[in-house]
Each structure stands twice: as structure tokens, then as C-alpha cells.
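What follows is a short report on a single structure.
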Amino acid sequence: MSDTILVTGGAGLVGSMCCEELVEHGYNVISVDNYERGEIFGDAGDTESNVTQYLTDENIDHHTMDIRDDDFDELVADVDGVIHTAAQPSHPQSIEIPYEDFDINVRGTLKLLETLRTGNPDVPLVFTSTNKVYGEMPNYFSYEKVGERFEPVDDTLWDGFDESLRIDQNKHTPFGVSKASADLYVQEYARMYDIDAGVFRMGCVTGGAARAVELHNWEPYFVKLALTGEELSIYGYEGYQVRDVIHARDLADLFRRYLESPTPGEVYNVGGGRENSISLRESFDLIEDVTGETLQYSHAEPREADHQWWISDLSKVQSHYPEWELTYGLREIFEEISDSLRSELDYS
């Protein structure tokens, strides 16, 4: 009989791709989601449609459920592994809802850890953390304009930030703090209670399943505005800020590999790396090339604790999982997003 993996936040971007990845590799999947994204971001952020689009396989048992509910504990007791993606995922939105952000990200994660510790302690756990745990630390370094992007003055940062970057004594937003807290709890349970848990601090995750909302998933939001002709607000840095972009399916592949060969207590920065790095200005050209539409934009004040430059140094995760690699390049990612949005918007 195949192992059964529990995916929290299974209707979300990363969760739904994890469900598909696991089923394709012979696993049974239990998926749970409470669709709270729709309440946080409005109708445009609702992920319930992903259930009918991505969670249709007979080996996926989907439950409409909150991880903070008592009924959730019963599901945890009998599974063979867990991928925990359920979260309040927006750092600007967290400023408006700090308590709810804490309750979902910290209390929900701690409840899951306790349920594993007391009822099913020998199964591997993937925790999806974020580069926002580093707060404003990336902004403490010096950058210069090179073409249409910022690049670090210090050449040793060329491949990006590794896991040694400090996380404290700087501004984070409540989201960064709640995810850092949950991140540390997962590490502690790995070390204190021998839970086979690993932490993955993600960069910009996207794909065709991503919802196009301003406060989360910038790539589909930019593409949507190009298609609809609406004006985009660029928050700070004149659009020279750099992000690294990773397709959710590449993450799902990595998480499956972790479940099959866990490295408890380890922390990994994981994103698109140097290969899939792009500035907002550079994305305008790529989006126009992919969609045939010019993105109109204006400038606004920077967001709180927003990164000026971020590239994930993938050295550690690639050394621990050498068979894992990025399979989606930037153009392929933006083409998939465009195709998905054209279908959704009935745009031609």
C-alpha cells in the first residue's frame, strides 16, 4: 500500500502542486484547506477553484478544514509525512491583521508540531518558510544600478544570500516575525523532540495556479494588469529591485525528495537563484514580449521591510539534494502565467 502524505493548504499554489507531484510518484494524498485566502485577499485571491482544477485525482482526499480545528488532529495521526504550506502569506497584509497572521502562522504550526510529537513523531515534515524571516537585513548591504537592475557591490553576494544571514535586530512586518517564529519552532522540534522536520525559506514562488492579487504573487498580478490595461504601482526603488523566481512545481519536486530522504533540523534558502533572478524593470520587457501588451506603471513609496535585492544562494540545498534542479526558466514561467490568465479572463 502506498504511503499517505498530508498537505496543508492543499488548494493553494504550492500545496496544489505538491498534491499533483506526490500522486504522480505513487503517493496517496490527504489535502486540507479552509480557503481563508479568499477572505484575506478578496475574490481574486480565492483558491477554491484549484480544488476542481488540480485536486481531481482519486488518490487525493481533500478536506475543507482549518489546521487549527480539533478534527485536523485525527488526520495527522495516520499519515506517513506532512508538507505544511498553510499560512497567511502576505507581508504587507500582515500589517493590517497582525493577530490573525500570528494565529495562523505560529499557533497553527505549533499545533501541528505538537500533534506530530504526541501522536505520530516518526514521520518527516516539510515546513514552507520564507526569505521574509531575514527582515530588512538584505537592505543593509550596498547595491548599484547595473543596466535595469540592482546588483550588490560586494562580489561575494553574486550567488545570493545563504542561510547564515542574520534574522534579528531589524524590521520584518508581522508576517516576517510570525514566519520566523514558526521557522524556529520547527527547528526546535527537530532538535528537541527528534521530529524529522526541515525548513525551506522560499523566494518568489509562482506558476499558472497562482492568484493575481496585488498583496501576494507579484508575477501574475503584473501580467494581469498588462492584459487588462490597468496601471501598476511600483513600490519603491524605481523598479530596480531584484527577485528570484521559482515555479511551484520545482518546489514540489524538492519537497518530495525531502520526504523520501529527510535531513532533520536543516534550513534551506530556496528560490530561483541567480539563474531565475529578474528585476521589476526587466520583467516589464519580458511580460510585453510574452503577452504582446505594454505594462503601464507609476511609482509609489516603498513598502515596509521590502527587500531591495534578493537572490537565494542554492548551494546548500543543491549539495544536500544534488539530483534536484530547476526545470522552469523565467520565460516558461511567465508564458504559463499568461496562458492561465488569458483563459481565466477570457482574453484574446
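The values are calculated or read from the model by the stated rules, or taken from the named source; none is laboratory data. Note that the coordinates shown come from a computational prediction; the quantities given were computed from them, not determined experimentally. Backbone-built Cβ (ideal geometry, glycine too); neighbour counts: all protein chains shown.
Figures for the structure shown
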{"quantity": "Tally, over segment 76-126, of residues that are more than 20 Å from the chain's Cα centre (by Cα) and either at pLDDT below 95 or basic (Lys, Arg) (or both)", "calculated": "5"}
{"quantity": "Filter result for TYR240 (more than 26 Å from GLY9 (Cβ to Cβ), surrounded by 20 or more Cβ atoms within 10 Å (Cβ to Cβ), touching a Pro at 6+ places or on another chain (Cβ under 9 Å) and at pLDDT 95 or above)", "calculated": "no"}
{"quantity": "Tally, over segment 101-121, of residues that are of a type in the set (A, V, I, L, M) and out of contact with any strand residue (DSSP E or B) (no Cβ under 8 Å at 6 or more places or on another chain)", "calculated": "3"}
{"quantity": "Complete set of residues in segment 235-265 that are in contact with a Lys or Arg (Cβ under 9 Å, 6 or more places away or on another chain), within 29 Å of TYR143 (Cβ to Cβ) and not in a helix (DSSP H, G or I)", "calculated": "TYR235, GLY236, TYR240, GLN241, VAL242, ASP244"}
{"quantity": "Check on GLU144, of a type in the set (Asp, Glu) and either within 21 Å of the chain's Cα centre (by Cα) or crowded, with 16+ Cβ neighbours inside 10 Å (or both)", "calculated": "no"}
{"quantity": "Helices (runs of 4 or more DSSP H) enclosed by segment 53-156 - at least 2 residues per element that are closer than 24 Å to ASN34 by Cα and touching a Pro at 6+ places or on another chain (Cβ under 7 Å)", "calculated": "98-102"}
{"quantity": "Residue in segment 219-235 that is out of contact with any Phe, Trp or Tyr (no Cβ under 6 Å at 6 or more places or on another chain), over 19 Å from GLY273 (Cα atoms) and without any contact (Cβ under 8 Å) to a residue 24 or more places away in the chain present", "calculated": "yes"}
{"quantity": "Residues (in contact (Cβ under 8 Å) with a residue 24 or more places away in the chain and either in a helix (DSSP H, G or I) or within 13 Å of ARG257 (Cα to Cα) (or both)) located in segment 8-25", "calculated": "LEU13, VAL14, GLY15, SER16, MET17, CYS18, CYS19, GLU20, GLU21, LEU22, VAL23, HIS25"}
{"quantity": "Residues of segment 273-299 satisfying the condition of being over 23 Å from ASP155 (Cβ atoms) and outside any helix (DSSP H, G or I)", "calculated": "GLY292, GLU293, THR294, LEU295, GLN296, TYR297, SER298, HIS299"}
{"quantity": "PRO121 being within 28 Å of ARG303 (Cβ to Cβ), in contact (Cβ under 8 Å) with a residue 60 or more places away in the chain and surrounded by fewer than 18 Cβ atoms within 10 Å (Cβ to Cβ)", "calculated": "no"}
{"quantity": "Per-region count, segment 188-202, residues free of Cβ contacts under 8 Å to residues at least 60 places away in the same chain and within 18 Å of THR130 (Cα to Cα)", "calculated": "1"}
{"quantity": "So ALA190, is it in a helix (DSSP H, G or I) and over 22 Å from the mean Cα position of the chain (by Cα)", "calculated": "no"}
{"quantity": "VAL205 being touching a residue at least 40 places away in the same chain (Cβ under 8 Å), crowded, with 24+ Cβ neighbours inside 10 Å and under 27 Å from ASP339 (Cβ atoms)", "calculated": "yes"}
{"quantity": "Within segment 300-344, considering residues that are touching a His at 6+ places or on another chain (Cβ under 9 Å) and in a helix (DSSP H, G or I), the one surrounded by the fewest Cβ atoms within 10 Å (Cβ to Cβ)", "calculated": "GLU332"}
{"quantity": "Conditions (1) touching an Asp or Glu at 6+ places or on another chain (Cβ under 7 Å); (2) of a type in the set (Phe, Trp, Tyr); (3) surrounded by 22 or more Cβ atoms within 10 Å (Cβ to Cβ): number failed by PHE200", "calculated": "(1)"}
{"quantity": "Selection within segment 41-64 - in contact with a helix residue (DSSP H, G or I) (Cβ under 6 Å, 6 or more places away or on another chain) and either of a type in the set (A, V, I, L, M, F, W, C) or at pLDDT below 65 (or both)", "calculated": "GLY45, ASP46, THR47, ASN50, LEU55, ILE60"}
{"quantity": "Residue match in segment 174-181 (condition: under 26 Å from GLU304 (Cβ atoms), surrounded by fewer than 20 Cβ atoms within 10 Å (Cβ to Cβ) and in contact (Cβ under 8 Å) with a residue 60 or more places away in the chain)", "calculated": "yes"}
